[in-house]
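*Asks:* Quick one: the structure is below, and I'll ask about it shortly.
The values are calculated or read from the model by the stated rules, or taken from the named source; none is laboratory data. Quick caveat, the model's predicted, so the values are computed rather than measured. Cβ: placed from backbone, ideal geometry, glycine included. Neighbour counts: every protein chain shown.
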Amino acid sequence: MELLAIGAGPANLALAVALSESAPSWLVDSSLVVEQAEDVTWQRGMMMPWARSQVSFLKDLVTLRNPTSRFSFLNYLHSVGRLDDFINTGTFTPHRMEISAYLRWVATEVPIPVEFNKKAVRIRPVRPESGDLEGWQVTFSDGSVISCRNLVIGGGRDPYVPEAFRSLPAERVIHSTEFSERIGKLDKFGAHRIAVVGAAQSAGEMLWSSYQEFPHARLTLLMRSIGLVAYEGSKFTNELFYPSFVGEFHSSRPEARRQMLDEMYRTNYGGLAPDLLNSLYHQMYQDRLTGTERIDMVSMSDVTSTRMDGDDVVLTFTDRRTGQSDSVRCDTVLLGTGFVRSMPRHIRDLADSLGLADVEVTRDYRMVVPGGTAAGCYLQGVNEATHGIADSLLSVLASRSGEIAADIVRHYENDRVPSRTA
Ligand SMILES: Cc1cc2nc3c(=O)[nH]c(=O)nc-3n(C[C@H](O)[C@H](O)[C@H](O)COP(=O)(O)OP(=O)(O)OC[C@H]3O[C@@H](n4cnc5c(N)ncnc54)[C@H](O)[C@@H]3O)c2cc1C
């Protein structure tokens, strides 16, 4: 196989489209996307019906690269007969579930096949005793193995579960990546005590969803920050999400890159969408008026340890202002603690097997491996440090997938692979 793409998220679906629109047919015909789940679902764990995408629908998988592509969000709406209605909503930000349905449509329409229920568990470089890397061998959880010359890893990032929560029974802790699937198992009318940890969009959405879904639940939001804040949304800094900014960021000096990431932090992390923030505040105010408060917010507090006491989960936290410890008792903990910032585990394992101390990619997202190599491994969505804050977002996917597709073809041409030049 010439190309295997792991993960059928937006990144690899965009790549499948870019290849189908720009690569030679022998490459398209020998490419495959594999997905561990049984279907394509965007943000499966956070599929609340009211949740919306935070970027414009024009930043779909193709439009910024090829506005005439048939794989646009608008063409999807047209194909399902919803274009009039969508225009009439007057919004640029579709519901999350609608982006998800668009991605599913792309997966069925794109000429590169997508295979489901295929979880990659091991990636190994294929290198003869002496000589250059020839390709990659990927083993799946069902025991099957696929060998390929080019590999594209687009599996997203690993969920971050802070140390303090790791010893709690798994059934009491729900990370945001599993929220939609697991929260529905709780009794809708139970008097649950739910603790939500975090102060960003995921924590806010889980708090709001649980408040609405469980009318008798009491909710406590625990956060290290001074309080919930909105995303920073200046149109000036939003220009740093343009695909054209990636090159500028990549060629900047390391200290400038760090400054840009630090200053841009609040545009994507550690904040809530303003409408969610307002909804939460007004609800809490209304509850105060009617004496029906059900949400507590505990700010400036670090959860330092957790334990079970009978059937209760006990979260012990330290108040940063006073240094004093206190605790919260609950039944279920919801973690809005985000994702591990370093490379995902399977990429680190691959780097180890290549003898690499650090994972580095070129401007075109190709992993840097020692020695001459015809085999390429491309990493999508994990290069924020070198390619900027938009790297894990939809904003750059249309362009990035075109760049990766072009780089793969360029390597074939440079390597003059004889059987491929015909
Ligand atoms: C709750 C939430 C909301 C978000 N909202 C927005 C938004 O509004 N706008 C925006 O631009 N970005 C948003 N993001 C950022 C998000 O990362 C990107 O939108 C986008 O999903 C990144 O695409 P991806 O393909 O790189 O990764 P993912 O979307 O994470 O897709 C990775 C895919 O790979 C599969 N996979 C993982 N490991 C394996 C394996 N070993 N074998 C096979 N398959 C595997 C997964 O099942 C998944 O389908 C949001 C993120 C979250 C968590």
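*Asks:* Within segment 340-384, how many residues are more than 16 Å from the ligand (Cβ to nearest atom), in contact (Cβ under 8 Å) with a residue 60 or more places away in the chain and in contact with a helix residue (DSSP H, G or I) (Cβ under 7 Å, 6 or more places away or on another chain)?
*Replies:* Adding up the residues that qualify gives 3.
*Asks:* So which residues in segment 363-398 are assigned to a loop (DSSP other than H, G, I, E, B), of a type in the set (Gly, Ala, Ser) and crowded, with 24+ Cβ neighbours inside 10 Å?
*Replies:* Of everything in segment 363-398, those that are assigned to a loop (DSSP other than H, G, I, E, B), of a type in the set (Gly, Ala, Ser) and crowded, with 24+ Cβ neighbours inside 10 Å turn out to be GLY381, GLY388.
*Asks:* Then there is this: Looking at THR316, is it farther than 30 Å from ARG96 by Cα and surrounded by 14 or more Cβ atoms within 10 Å (Cβ to Cβ)?
*Replies:* yes
*Asks:* Which condition from (1) within 6 Å of the ligand (Cβ to nearest atom); (2) part of a helix (DSSP H, G or I) is the one that LEU19 breaks?
*Replies:* In the conditions (1) within 6 Å of the ligand (Cβ to nearest atom); (2) part of a helix (DSSP H, G or I), LEU19 misses (1) alone.
*Asks:* Which residues, counting only those in segment 333-359, are of a type outside the set (Gly, Ala, Ser) and assigned to a helix (DSSP H, G or I)?
*Replies:* Within segment 333-359, ARG345, HIS346, ILE347, ARG348, ASP349, LEU350, ASP352 meet the criteria.
*Asks:* How many residues are assigned to a strand (DSSP E or B) and more than 6 Å from the ligand (Cβ to nearest atom) when one looks only at segment 29-50?
*Replies:* Residues of segment 29-50 that are assigned to a strand (DSSP E or B), as a first pass: 31-34.
Then keep just the ones that are more than 6 Å from the ligand (Cβ to nearest atom); that gives 31-33.
Number satisfying all stated conditions: 3.
*Asks:* Out of all the residues in segment 16-47, which are among the hydrophobic types (A, V, I, L, M, F, W, C) and either under 16 Å from the mean Cα position of the chain (by Cα) or not assigned by TED's automatic domain parsing to the domain that holds PHE116 (or both)?
*Replies:* Answer for segment 16-47, where residues must be among the hydrophobic types (A, V, I, L, M, F, W, C) and either under 16 Å from the mean Cα position of the chain (by Cα) or not assigned by TED's automatic domain parsing to the domain that holds PHE116 (or both): ALA37, VAL40, TRP42, MET46, MET47.
*Asks:* Sticking with this structure for a sec: Could you check segment 102-120 and list, in sequence order, the residues that are in contact (Cβ under 8 Å) with a residue 40 or more places away in the chain, surrounded by fewer than 20 Cβ atoms within 10 Å (Cβ to Cβ) and either away from the ligand (no atom under 12 Å from the Cβ) or in a strand (DSSP E or B) (or both)?
*Replies:* PRO111, PRO113, GLU115
*Asks:* Which residue out of THR306, THR318, THR322 is over 24 Å from SER210 (Cα atoms) and in a strand (DSSP E or B)?
*Replies:* Within the list THR306, THR318, THR322, the selection yields THR318.
*Asks:* Before we move on, is HIS192 over 20 Å from ASP275 (Cβ atoms), in contact (Cβ under 8 Å) with a residue 12 or more places away in the chain and in contact with a Lys or Arg (Cβ under 7 Å, 6 or more places away or on another chain)?
*Replies:* So HIS192 fails the test.
*Asks:* Looking only at residues in segment 319-339 that are surrounded by 15 or more Cβ atoms within 10 Å (Cβ to Cβ) and of a type in the set (Val, Ile, Thr), which one is nearest to the ligand (Cβ to nearest atom)?
*Replies:* THR337
*Asks:* Somewhere in segment 51-74, is a residue small (Gly, Ala, Ser), outside any loop (DSSP other than H, G, I, E, B), within 10 Å of the ligand (Cβ to nearest atom) and within 30 Å of ARG182 (Cα to Cα)?
*Replies:* no
*Asks:* Which of the strands (runs of 3 or more DSSP E) contained wholly in segment 154-236 include at least 1 residues that are away from the ligand (no atom under 16 Å from the Cβ) and more than 13 Å from LEU335 (Cβ to Cβ)? Don't jump to the end; show me each part of the working.
*Replies:* Values: elements: 173-175, 193-197, 218-222.
Because the criterion is at least 1 residues that are away from the ligand (no atom under 16 Å from the Cβ) and more than 13 Å from LEU335 (Cβ to Cβ), the strands (runs of 3 or more DSSP E) in segment 154-236 that meet it are 193-197, 218-222.
*Asks:* Does ILE146 satisfy the condition of being away from the ligand (no atom under 13 Å from the Cβ) and over 22 Å from the mean Cα position of the chain (by Cα)?
*Replies:* no
*Asks:* If I ask for residues that are assigned to a loop (DSSP other than H, G, I, E, B) and of a type in the set (Asp, Glu), which ones from segment 277-303 would you list?
*Replies:* Correct list: GLU293 only.
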